[in-house]
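Student: Quick one: the structure is below, questions incoming.
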Amino acid sequence: MARVVAAAELAANILGKVRSPAIPYRLGGRSDNGTDCINLIGWAMQELGGQDVPRGSNEAWNKSMTWRGTLAEAKRLGKLVPGTILYIDYMKPPGGSNGTPGKMDHAAVYIGPGHGIKTPDGKAGDVVHASASRGGVYPSTQANGYTHAAWLNGVDYDGTKTSTNQSSNQSDFGARIRKLIFVNNDCYKAGKTIVPKGIMCHSTGANNPTLKRYVGPDDGFLGKNIYNNHWNRPMDRQVCVHAFIGKLEDGSIATYQTLPWNMRGWHSGSGAKGNGNDSLIGFEICEDELTNASYFRAVFNEAAELCAYLCKMFNLDPMRDGVIIGHFEGYQRGIASNHADPRHWFVKFGESMDSFRAAVKRCIDTGAPLPAEPAPEPESPVPTIPELPAHEIYTVVKGDTLWRIAANKLGKGTRYSEIMALNGLTSDLIITGQKLKIPKK
């Protein structure tokens, strides 16, 4: 059955078809051997498992939905998002002496600026199309012709409109999934796609369970982040995941999808045997102080339900080796950086990645959300991890860095990595008021 495709997914797929040498122009084609303007879009939708697209620009235009207007109007009103379909009339505007209202000659896809692609004339391109005159798939500005913007049936455009309420749905297994795609993060702008082969589970390593710390801007559900340090912006490091799980402003638990599921994220790092970003969807669970059993159970269940949803979407077996792994397991496999998450948190509540995978399978088998209470202990006991040695608690003050804290508390700034390991931090970013465990000297 066809699924609804996120606009950002469509844009990323189309961007991936800009190659050198260019895919040739071929009327009616939908493959690397050649394609035409509307079938370039139909080919992308086919690869993404979406609805079929009519094989004529005019027919597709007449079946487009919700809003229609010119390219200029779309930009002025904030309607234009990556993945918007552009239909071009090479005659005069509707009502002009040479034009036929409603008759479209060409189609293209708006992908947005910042991708570094150039038109054959050397201009910065923000549109991709299959051009008969150019003889292939090329970037463009679509400055020629009277260009209309429209929303193609079967594509969800809400996920990329950061200025309005985002789309939301409850998955088949109970996960409460909202969408706010990080279109301003350099990872999204890179536009690289993957074929998802599995899922990597992360936890944030900081005592802040609110989604607004990482997801923004505020959509009316997240709440205001007064520091504006969410991840939907250009950052000084390469970091971006496909989803976050945590608290909304009203205290309820939700998942926010932040990248198209088939876009290559920046979450795992690499190891001696490869890079998990090349094949794994990655999500972060927002940590609290790691002592609240009620919060842990809610986000553990939400994460399992999200994984069940993704396993169904991509036909993945959660019990197959390597399909669902924690960040620490990725490191053990040689495909991720050296981090402890989420094991350091799970073990505090009697859970492990083994029990997490079992919870995902239980969701899939029953087709229902997980109960609020934990499942019975498995017959084979889950190995426990020895308690960490005693430590002191330090509260971060303004101007602190991990290096400075390590120098003051441990005698050497180079020991900052011990603080990161003890706290399960996945980056060196800390915030004022954050509580850190400091190892003994």
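Student: Given (1) among the small types (G, A, S); (2) part of a helix (DSSP H, G or I); (3) surrounded by fewer than 22 Cβ atoms within 10 Å (Cβ to Cβ), identify the lone condition not met by A11.
Tutor: Every condition holds for A11 apart from (3).
Student: Separate question: Within the range 292-323, work out how many residues are more than 25 Å from S252 (Cβ to Cβ) and of a type outside the set (K, R).
Tutor: Residues in the range 292-323 being more than 25 Å from S252 (Cβ to Cβ) and of a type outside the set (K, R): 9 in total.
Student: Moving on. Does A421 satisfy being touching a helix residue (DSSP H, G or I) at 6+ places or on another chain (Cβ under 8 Å), modelled with pLDDT of 80 or more and outside the structural domain of A206 (by TED's automatic domain parsing)?
Tutor: So A421 does not fit the description; no.
Student: Condition first: within 21 Å of R343 (Cβ to Cβ), surrounded by fewer than 17 Cβ atoms within 10 Å (Cβ to Cβ) and hydroxyl-bearing (S, T, Y). Now tell me which residues in the range 411-441 satisfy that.
Tutor: S417, S427
Student: Residues in the range 108-155 that are part of a strand (DSSP E or B) and either assigned by TED's automatic domain parsing to the domain that holds L180 or among the β-branched types (V, I, T) (or both): how many?
Tutor: Total meeting the criteria: 6.
Student: Give the residue, chosen from T193, T204, T258, T210, that is in the same structural domain as C311 (by TED's automatic domain parsing), among the β-branched types (V, I, T) and touching a Cys at 6+ places or on another chain (Cβ under 6 Å).
Tutor: T204
Student: Checking H242 against (1) over 10 Å from the mean Cα position of the chain (by Cα); (2) buried (at least 19 other Cβ atoms within 10 Å of the Cβ), which test does it fail?
Tutor: Checking H242 against (1) over 10 Å from the mean Cα position of the chain (by Cα); (2) buried (at least 19 other Cβ atoms within 10 Å of the Cβ), the one that fails is (1).
Student: Could you check the range 266-317 and list, in sequence order, the residues that are farther than 19 Å from K247 by Cα and aromatic (F, W, Y)?
Tutor: W266, Y309, F314
Student: Let me ask you something else. For the range 258-268, check the following and say yes or no: at least one residue is surrounded by fewer than 18 Cβ atoms within 10 Å (Cβ to Cβ) and closer than 19 Å to Y309 by Cβ.
Tutor: No: the range 258-268 contains no residue that is surrounded by fewer than 18 Cβ atoms within 10 Å (Cβ to Cβ) and closer than 19 Å to Y309 by Cβ.
Student: Looking at the range 207-229 only, could you name the residues that are crowded, with 23+ Cβ neighbours inside 10 Å and within 22 Å of L436 (Cα to Cα)?
Tutor: Selection gives L211, K212, Y214.
Student: Out of the residues in the range 394-408 that are surrounded by 15 or more Cβ atoms within 10 Å (Cβ to Cβ) and in contact with a helix residue (DSSP H, G or I) (Cβ under 8 Å, 6 or more places away or on another chain), which is farthest from I285 (Cα to Cα)?
Tutor: A407
Student: Looking only at the range 17-39, which residues are assigned to a loop (DSSP other than H, G, I, E, B) and not charged (D, E, K, R)?
Tutor: V18, S20, P21, A22, I23, L27, G28, G29, N33
Student: What are the residues in the range 314-355 that are in a loop (DSSP other than H, G, I, E, B), over 24 Å from the mean Cα position of the chain (by Cα) and either of a type in the set (F, W, Y) or surrounded by 15 or more Cβ atoms within 10 Å (Cβ to Cβ) (or both), if any?
Tutor: E351, S352
Student: Hey, could you check the range 40-63 for residues that are among the acidic types (D, E) and outside any loop (DSSP other than H, G, I, E, B) and say which is nearest to V5 (Cα to Cα)?
Tutor: Result: E47.
The values are calculated or read from the model by the stated rules, or taken from the named source; none is laboratory data. These numbers were taken from a predicted model, which means no experiment stands behind them. Note: ideal-geometry Cβ built from the backbone for every residue, glycine included; neighbour counts use all protein chains shown.
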